[in-house]
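To start, the structure under review is shown below, and the notes come after it.
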Amino acid sequence: MTKPVRTITLELAAENVTPGYAGTLDAARHPQLANRFHFWRGASGRRYACTMFPVNAAPCYDDSVALFVRRRRTGPVLVSVGAGLDASSAPPDADEIHVHLVQGGANALTIALRDLSGLLAIGNGFDGMQLHAA
């Protein structure tokens, strides 16, 4: 006896792959989480999930990429990027730190750091978002 096969068709929306800030978590059921989780796209277009912390309250993670961000009316401004997290080395104009935890060891950390650091070299032009080196 043959069991019926159920077919599901998925339609994927065209995704914005422009490098830079990619918004907050869409958490309709838990809106308080929306400001805690942010997404960035590296220079390659790869999407990175990050947890936002105030500069003075960020925990230390070894295998992570830290994006030091200044909040402006027009959106976030990437100030600096670093591997590992040392909040004491945050640039003075950073208001918050977006932390991406990396799995896969040193090679994966290097790849993520290079990809996200590439945002500093790209320059301006992301819907008013400004990127600059610290």
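The values are calculated or read from the model by the stated rules, or taken from the named source; none is laboratory data. The shown structure was predicted, so the numbers you read here are calculated from the model rather than taken from an experiment. In this analysis, Cβ positions are derived from the backbone assuming ideal geometry, glycine residues included, and neighbour counts consider all displayed protein chains.
Conditions (1) surrounded by fewer than 21 Cβ atoms within 10 Å (Cβ to Cβ); (2) within 14 Å of Ala22 (Cα to Cα); (3) of a type outside the set (Gly, Ala, Ser); (4) touching a Gly at 6+ places or on another chain (Cβ under 9 Å), marked per residue:
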| position | (1), (2), (3), (4) |
| --- | --- |
| His38 | no, yes, yes, yes |
| Cys50 | no, yes, yes, no |
| Val55 | yes, no, yes, no |
| Cys60 | yes, no, yes, yes |
| Gln103 | yes, no, yes, no |
| Asn107 | yes, no, yes, no |
| Leu119 | no, yes, yes, yes |
| Ile122 | yes, no, yes, yes |
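Does Gly105 count as modelled with pLDDT under 90 and not β-branched (Val, Ile, Thr)? When the stated conditions are applied, Gly105 does not pass them.
So which of Ser88, Ser80, Ser117 is in a helix (DSSP H, G or I) and either modelled with pLDDT under 90 or touching a Leu at 6+ places or on another chain (Cβ under 9 Å) (or both)?
On the way: Ser80 fails: in a helix (DSSP H, G or I); Ser117 fails: either modelled with pLDDT under 90 or touching a Leu at 6+ places or on another chain (Cβ under 9 Å) (or both).
Just one listed residue meets the conditions, Ser88.
Of the residues making up the range 91-112, those that are β-branched (Val, Ile, Thr) and either assigned to a loop (DSSP other than H, G, I, E, B) or more than 15 Å from His38 (Cα to Cα) (or both) are Val102, Thr110, Ile111. In the condition set (1) within 18 Å of Arg114 (Cβ to Cβ); (2) in contact with a Lys or Arg (Cβ under 8 Å, 6 or more places away or on another chain), Ser80 is compliant with all but (2).
Quickly run through the range 33-52 and pick out the residues that are among the basic types (Lys, Arg), in contact (Cβ under 8 Å) with a residue 40 or more places away in the chain and farther than 21 Å from Thr110 by Cβ.
Of the residues in the range 33-52, the ones among the basic types (Lys, Arg) are 36, 41, 46-47.
If we keep only those that are in contact (Cβ under 8 Å) with a residue 40 or more places away in the chain as well, we get 46.
Scanning the range 33-52 gives no hits.
Scanning the range 37-53 for residues that are touching a Pro at 6+ places or on another chain (Cβ under 8 Å) and either within 17 Å of Thr24 (Cβ to Cβ) or part of a helix (DSSP H, G or I) (or both) returns His38, Arg41, Phe53.
Every residue in the range 54-67 that is in a strand (DSSP E or B) and out of contact with any His (no Cβ under 8 Å at 6 or more places or on another chain), please.
So the first thing to find is which residues in the range 54-67 are in a strand (DSSP E or B), and the list is 54, 64-67.
Listed by number, the list holds a single entry, Pro54.
Could you please find all residues in the range 48-68 being in contact with a Leu (Cβ under 6 Å, 6 or more places away or on another chain) and β-branched (Val, Ile, Thr)? Residue satisfying the conditions is Val65 alone.
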